[in-house]
1. Return yes or no: is I96 more than 17 Å from F224 (Cβ to Cβ) and of a type in the set (A, V, I, L, M, F, W, C)?
2. Between a first residue in the range 1-29 that is among the hydroxyl-bearing types (S, T, Y) and a second residue that is buried (at least 23 other Cβ atoms within 10 Å of the Cβ), which pairs have beta carbons less than 9 Å apart while being 6 or more apart in sequence or on different chains?
3. Need the failing condition index for I206 against (1) part of a helix (DSSP H, G or I); (2) touching a Lys or Arg at 6+ places or on another chain (Cβ under 8 Å); (3) more than 19 Å from N114 (Cα to Cα), just the number.
4. Output the strands (runs of 3 or more DSSP E) that fall wholly within the range 57-137 and possess 3 or more residues being crowded, with 18+ Cβ neighbours inside 10 Å, or say none.
5. Only residues in the range 296-324 that are farther than 15 Å from G240 by Cα and modelled with pLDDT under 90 count as the first member; pair them with residues that are basic (K, R) and in a helix (DSSP H, G or I), Cβ under 7 angstrom, at least 6 apart or cross-chain, and list the lot.
6. State yes or no: is L51 under 23 Å from N222 (Cβ atoms), assigned to a loop (DSSP other than H, G, I, E, B) and either of a type in the set (D, E, K, R) or away from ligand 2 (no atom under 16 Å from the Cβ) (or both)?
7. If I filter the range 140-161 for residues that are within 20 Å of the chain's Cα centre (by Cα) and free of Cβ contacts under 8 Å to residues at least 24 places away in the same chain, do I get at least one hit?
8. Of everything in the range 236-249, what is within 11 Å of ligand 2 (Cβ to nearest atom) and hydrophobic (A, V, I, L, M, F, W, C)? Give them in sequence order.
Amino acid sequence: MAHRVGVIGGDGIGPEVVAEGLKVIAASGVHLDTTEYDLGGARYLRDGTVLDDATVEEWRHLDALYLGAVGTPDVPPGIIERGLLLKMRFELDLYINLRPFIAPGHDFVVIRENTEGAYAGEGGFLRRGTAEEIATQGSVNTRHGTERAVRYAFDLAVARRQHVTLVHKTNVLTFSGDLWYRTFQLVAAEYPEVETAYNHVDAACIYFVEDPARYDVIVTDNLFGDILTDLGGAVSGGIGLAPTANLHPGRVSMFEPVHGSAPDIVGTGRANPVAAVLSGAMMLDHLGEGEAAERIRKACDRPEPLTGTTSEIGDAIAARLEAG
Ligand code: IPM
Ligand code: MN
């Protein structure tokens, strides 16, 4: 049975890099039954649609979603990000944001909790626009949400180098940090073969730059994970190489590059499609096409550098696959 995949090119360089990802998947021999969804800032500006509930319901019956990037400077911040990307993550309960980083000398994975924390949208304004205004933005942390993220990290570590680091800020965030830390200890007790470590997020920023080899699997909350994974991209060959899986194991899941829509380089051919291609490989893993996924990763990983325009890089990866 063909894999049913919804494709959302999105904004900026999103459609450019997704096209290369689909090209590479086709070259790998995996057939996808794709449906395109015209969503993102451009669509919103045209007819006001961000993401309606009927579309989300349709997606529940798919196997995967493949997304380029969303967000455009002509739309106020938050409308597309919250209304489309975060709505996808929350409504489809894609509770794991998995971001692998592979560079010479280090190879680690960040498991970012993907449905809670400061992203939950708790908070509001009082007296907005006045001299006395107040804004609050809460962080929502549930035992259920932290435990499933932590458990996923430990399960992953068992299949890797048996090491998990919790990253948080327990010395200041004494409520959410305490919940995360206790949950981490409880789950760790079930995995005696897995070694554990804890880093405050500020210290983790130093280690990412100076000693990333200390990490195998990192688990952290939504906002720390967002920030740390941009840094992870920067220290692992650049954000143009970093893929993401937004997972609900066993259900429709969403695959996208870590990078954004980069409106400054749209149409120039300068967007690196490798992050989108590697996100496509993670999608193939999810679809049970692990062998093709591995061939795509190897094709991206050959010693000869991938250079040229967006579509030239896509062509080169596809050609490597076809050459075997
Ligand atoms: C990411 C992005 C998103 C996030 C934005 C676009 C909402 O930065 O996937 O890392 O903050 O999660
Ligand atoms: Mn981010």
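1. no
2. S28/G280; S28/A281; S28/L284; S28/I296; S28/A299
3. Answer for I206: the failing condition is (2).
4. 64-69, 96-103, 106-113
5. R302/R320
6. yes
7. yes
8. In the first step, residues of the range 236-249 are kept if they are within 11 Å of ligand 2 (Cβ to nearest atom); the result is 239, 242, 244.
Once the filter is applied, which keeps residues that are within 11 Å of ligand 2 (Cβ to nearest atom) and hydrophobic (A, V, I, L, M, F, W, C), the range 236-249 yields I239, A242.
The values are calculated or read from the model by the stated rules, or taken from the named source; none is laboratory data. Keep in mind that this is a model prediction, so the values were computed, not measured. Note that we place each Cβ from the backbone using ideal geometry, even for glycine, and neighbour counts take in every protein chain shown.
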